[in-house]
Amino acid sequence: MNIIKIVTKNMRQRALATCLTTFSVMLGVALAVAILLIRHGMENRFQQGTLGYEMVVGAKGSPLQLVLNTVYNLDISPGNIPWTSFEKLQSDPRVKLAVPFSVGDNYKGFRIVGTTDALFKEFEFEPGRKFTLEAGRIFNFSEAALKDAFKEAVGRAKEREAKEIGETLPAPVVKDESKHGNRPFEAVVGATVAQETDLKVGQQFIAAHGVLPSAEAQEHTENPWTVVGILAPTHTANDRAIFINLDSFYHIEGHELRETHEVDKKPKAEEKDNDPDPGQISSIVLKLRSPLHALPLYREINDSDTAMAAFPAAEIRKLFDIVGNIDRVLLAQAILIVVVAGIAIAVSIYNSMSERRREIAILRALGARRKSIFAIVILESVAICLVGALTGIVIGHLVVAIGNPVLQRVSGFTVPAMKLQFVELLVFAGCILLGAVSGLGPAARAYRTDVAGNLAPTS
Amino acid sequence: MPDLTNKPVLELRDLRKSFREADGGEIEVIRIRQFTLSPGEQVALAGQSGSGKSTLLNLIAGILLPDSGEIAVNGTEITRLSEAERDRFRAANIGYVFQSFNLLQGFTALENVLLGQMFGRGNGAPDHALKLLETVGLADRIDHKPRALSVGQQQRVAIARALVNAPSLVLADEPTGSLDAKNGEVVLELLRRICSETGHALLVVTHDAQVMTRFPKVVKMEELR
């Protein structure tokens, strides 16, 4: 027999109240833990996701939108920038690597990204980590083919424009089928895409226009893509992307129409005088030779009329500063639930003291000291919070684990559900403290119990 | 272990205890000039209801403090001890049997006895408690909670609990008061027999004339004034 056994006996005697108050603590802690895990996990994943992306260049507009679109395959593209911007940056001595991206289609909701083979051969999505293939190979890429595709796309744009205004074109653009027009439409799919769509190497799929799935979306039935490779999981948003050869992207009907805001602003005469714009892309990901080049290049690009640069890490920090306020409110609610549970514990034990005065008097008569009685009541309150906190932490992790597939579907990420965070220790310690504080009132009442008066026989 | 020398187990001298009444007045409940109890002695302290019998036992047990006077148990003047010291002293030296048994309802018979042991000797092995329950005839009821026991059995558990720390002094407050005549007789004989065998001094307060006849020495409360 020891004090712990007395405490557990007391808790069992008040089973209903004990269960209800433990459940309240559990609920609050589970909620708090789930919020903390998701927040911490998402923040880590988002920050980690930016590691390989030093700078992103895209159409002028919202830098956050540009980052979300390019790095995380979220949101829509803010617009297009001319291919010449890419060529200029690629030849800039400060730039180590430039990778172009073009978006505009999806397959079953998974974004199709037109890019070059540099993405797989040279780009590190995290420092020291390049894409690896789980099956197949990467698509074939040729810059000459891309230029032809641009020409063809420009031709189609003009043809469409002429049709719209009723003009006759002097010479139709003819596809050079022998060179590139019959290039296979090849795709390399991310790990999550392969898993969720069951696409395998050699299978074909039809893309739909638009970056989001829609019932009315026009399907590119004339150009099915063939899966030539499946990427190994990267645990980044890239797992949810389908990468296609950039030139095949521009072979698709409709992809010639998108124009940047700057192009819109251009006078028609100027457009005609210049060399025809070889094409447009959604964004460019840059790796620089030195971090010292980052700020000057950032300023140069942002001072230009055609494009805008953004630092993904900085944009994500800003995003979490905004989102942080929302989850702080949620966290405050969870803490409030735990505090209310603490008050419920105090009230419940305090009320039980009237029924337990005799038991306390008996224990005192048997030799229990006042401080032992005080400790028994405090321990009872602490035990409720302890059990509530432990089960709450477990439930919180389980909720995140169960919710991970949904989270992955929505954001492309999962958060580590079974990894204990330091902050959970603080939550746990906070609960123990809450238990001790909640028990103070009832313990003080127990401490003051009149022994002789409560030992007398009751009729 | 009980002190078998001639030194009294209990000595009361010039003991007074009053209680304040609701109207602000004071009522003197205890006034004892002198009383001693020798080792192994068994005494019935007789008095009518409200004569201060239970208060006297609470004073001897150190649960209450007198207004004045001395209470020495085994030579220790307990009125000079701190409350915590009195608690420890009580657990180790005094066994207390109540009229209404005062068993903890959530605990089994064995656990109730072990509770007495826990505060007296610390967390010892249950062997002694088991032996005592066997002695009081409850070997087959150790896992029963008080509600599952008859009143006679409950009082026997209370006796085992009072004796578990081998106290030199056993106090019993109307131990047969809640029992029928037959059960009362059985319980009283059991208590007396065990105290005789172990040499514990036994002080029983009662207003039951039947109980008084069982004791070799009966002292009336009025005689102590």
Quiz item: Does region A:406-429 contain any residue that is within 14 Å of chain B (Cβ to nearest Cβ), surrounded by fewer than 17 Cβ atoms within 10 Å (Cβ to Cβ) and part of a loop (DSSP other than H, G, I, E, B)?
Solution: no
Quiz item: What residue, of A:Ser352, A:Ser348, is in contact (Cβ under 8 Å) with a residue 12 or more places away in the chain, within 14 Å of another protein chain (Cβ to nearest Cβ) and assigned to a helix (DSSP H, G or I)?
Solution: A:Ser352
Quiz prompt | Qualifying positions in region A:358-383 - surrounded by 24 or more Cβ atoms within 10 Å (Cβ to Cβ) and among the polar types (S, T, N, Q) | solution = A:Ser381
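Does region B:180-188 include one or more residues that are of a type in the set (Gly, Ala, Ser) and at pLDDT below 90?
Filtering region B:180-188 for residues of a type in the set (Gly, Ala, Ser) gives B:181, B:184.
In the following step, the residues that additionally are at pLDDT below 90 were identified as B:181, B:184.
Yes, because at least one residue in region B:180-188 is of a type in the set (Gly, Ala, Ser) and at pLDDT below 90.
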Practice problem: Kindly check whether there is at least one residue in region B:98-114 that is in contact with an Asp or Glu (Cβ under 6 Å, 6 or more places away or on another chain) and assigned to a strand (DSSP E or B). | Solution: no
Self-check item: Tabulated pairs, region B:40-53, first touching a residue at least 12 places away in the same chain (Cβ under 8 Å), second of a type in the set (D, E, K, R) and part of a loop (DSSP other than H, G, I, E, B), C-beta under 8 angstrom, 6+ apart or interchain
Solution: B:Ala44/B:Arg214; B:Lys53/B:Glu174
Exercise. Working only within region A:209-233, note down all residues that are surrounded by 14 or more Cβ atoms within 10 Å (Cβ to Cβ), under 28 Å from A:Gln47 (Cβ atoms) and modelled with pLDDT under 85.
Key: A:Val211
Practice problem: Among what's in region B:145-154 and is at pLDDT 90 or above and closer than 13 Å to B:Phe98 by Cβ, pick the residue that is surrounded by the fewest Cβ atoms within 10 Å (Cβ to Cβ). | Solution: B:Pro146
Quiz item: Does region A:366-378 contain any residue that is away from chain B (no Cβ under 14 Å) and at pLDDT below 85?
Solution: no
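Let's see how each residue does on (1) within 14 Å of chain B (Cβ to nearest Cβ); (2) closer than 30 Å to A:Thr306 by Cα; (3) touching a Cys at 6+ places or on another chain (Cβ under 9 Å):
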position: A:Lys5; (1), (2), (3): yes, no, no
position: A:Cys19; (1), (2), (3): no, no, no
position: A:Gln47; (1), (2), (3): no, yes, no
position: A:Gly52; (1), (2), (3): no, yes, no
position: A:Ala59; (1), (2), (3): no, yes, no
position: A:Gln65; (1), (2), (3): no, yes, no
position: A:Ile81; (1), (2), (3): no, yes, no
Practice problem: Any chance you could count how many residues in region B:121-167 are within 24 Å of B:Gly40 (Cβ to Cβ), within 12 Å of another protein chain (Cβ to nearest Cβ) and not in a loop (DSSP other than H, G, I, E, B)? | Solution: 5
Quiz item: If you check A:Leu336, A:Leu363, A:Leu286, which single one turns out to be more than 14 Å from every other protein chain (Cβ to nearest Cβ) and either closer than 18 Å to A:Ala443 by Cβ or assigned to a helix (DSSP H, G or I) (or both)?
Solution: A:Leu336
Quiz item: What number of residues within region B:87-103 are surrounded by 22 or more Cβ atoms within 10 Å (Cβ to Cβ) and at negative phi?
Solution: 10
Quiz item: List, please: which pairs have Cβ atoms under 6 Å, are six or more places apart or on different chains, and start with a residue in region A:109-128 that is exposed (fewer than 15 other Cβ atoms within 10 Å of the Cβ) and end with one that is small (Gly, Ala, Ser)?
Solution: A:Glu124/A:Gly52
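Anything in region B:104-116 that is surrounded by 18 or more Cβ atoms within 10 Å (Cβ to Cβ) and more than 7 Å from chain A (Cβ to nearest Cβ)? List them, or say none.
Within region B:104-116, B:Thr108, B:Ala109, B:Leu110, B:Asn112, B:Val113 meet the criteria.
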Quiz item: Do you know which residues across region B:68-88 are within 30 Å of B:Leu179 (Cα to Cα) and in a helix (DSSP H, G or I)?
Solution: B:Asp87
Exercise. Could you check, for region A:133-156, whether at least one of its residues is in the same structural domain as A:Arg289 (by TED's automatic domain parsing), exposed (fewer than 15 other Cβ atoms within 10 Å of the Cβ) and on the phi > 0 side of the Ramachandran plot?
Key: no
Quiz prompt | region B:33-43: number of residues that are in contact with a Lys or Arg (Cβ under 7 Å, 6 or more places away or on another chain) and of a type in the set (A, V, I, L, M) | solution = 1
Quiz item: If A:Cys385 satisfies every condition in (1) at pLDDT below 90; (2) away from chain B (no Cβ under 14 Å) but one, which is the exception?
Solution: (1)
Practice problem: Could you tell me whether any residue of region B:50-71 is more than 9 Å from chain A (Cβ to nearest Cβ), of a type in the set (Val, Ile, Thr) and surrounded by fewer than 18 Cβ atoms within 10 Å (Cβ to Cβ)? | Solution: no
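The values are calculated or read from the model by the stated rules, or taken from the named source; none is laboratory data. Small disclaimer: the values here were computed from a predicted structure and weren't measured. Positions of Cβ are generated from backbone atoms using ideal geometry, with glycine treated the same way; all protein chains shown enter the neighbour counts.
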